[in-house]
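Reading through the structure tokens given below for one structure.
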């Protein structure tokens, strides 16, 4: 019995040898990436405040996730470029009293991201679309209601984007 216990000790110790604490990217070309440079988001829409909202939300989401960290360009392994492609508003609830009046909308924020390895000077993830959504009720001014919903759509898009790059290769 004693010999069996001694034989099992190395087996038990070796079984945890490859364990790593925290999430690590597994995709091709991403195993050495830990630090991302994220320039200000580019904007192809008419909404002027959206680049700052998306950039700040994305930086907060990267900090929350913990798989990567963000830093200045000189200290980074890769550059994550993001472009806001489209902001759509889709009516999902009509007024029962006024036929042409919408009470609730779905806001869809479409982004395109690209990940570029700065050290090897090659593209890791080609331009890829990703969406963030939220719903909002119109209370008073429709434009103001949409403006207040933009940070929630940006948060959903940032969560989807960080999940996509963190879990790439799984």
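The values are calculated or read from the model by the stated rules, or taken from the named source; none is laboratory data. A quick note: this is a predicted structure, and the numbers were derived from the prediction, not measured. Counting neighbours? That spans all protein chains shown, and the Cβs are built from the backbone with ideal geometry, glycine included.
Can you report the number of residues in region 135-163 which are assigned to a helix (DSSP H, G or I) and surrounded by 15 or more Cβ atoms within 10 Å (Cβ to Cβ)?
Residues meeting the conditions: 17.
Please verify whether region 104-113 includes one or more residues that are modelled with pLDDT of 95 or more and more than 30 Å from residue 141 (Cα to Cα). Yes, because at least one residue in region 104-113 is modelled with pLDDT of 95 or more and more than 30 Å from residue 141 (Cα to Cα).
Sub-8 Å Cβ pairs linking a first residue in region 155-169 that is at positive phi and at pLDDT below 90 to a second residue that is assigned to a helix (DSSP H, G or I) and surrounded by fewer than 16 Cβ atoms within 10 Å (Cβ to Cβ), at least 6 apart or interchain, number zero.
Checking each residue in region 29-53 for being surrounded by 15 or more Cβ atoms within 10 Å (Cβ to Cβ), under 22 Å from residue 75 (Cβ atoms) and touching a helix residue (DSSP H, G or I) at 6+ places or on another chain (Cβ under 6 Å) picks out 37, 41.
Has region 114-128 got at least one residue that is at pLDDT 85 or above and either in contact with a helix residue (DSSP H, G or I) (Cβ under 6 Å, 6 or more places away or on another chain) or more than 22 Å from residue 38 (Cβ to Cβ) (or both)? Looking for residues that are at pLDDT 85 or above and either in contact with a helix residue (DSSP H, G or I) (Cβ under 6 Å, 6 or more places away or on another chain) or more than 22 Å from residue 38 (Cβ to Cβ) (or both), one finds none in region 114-128, hence no.
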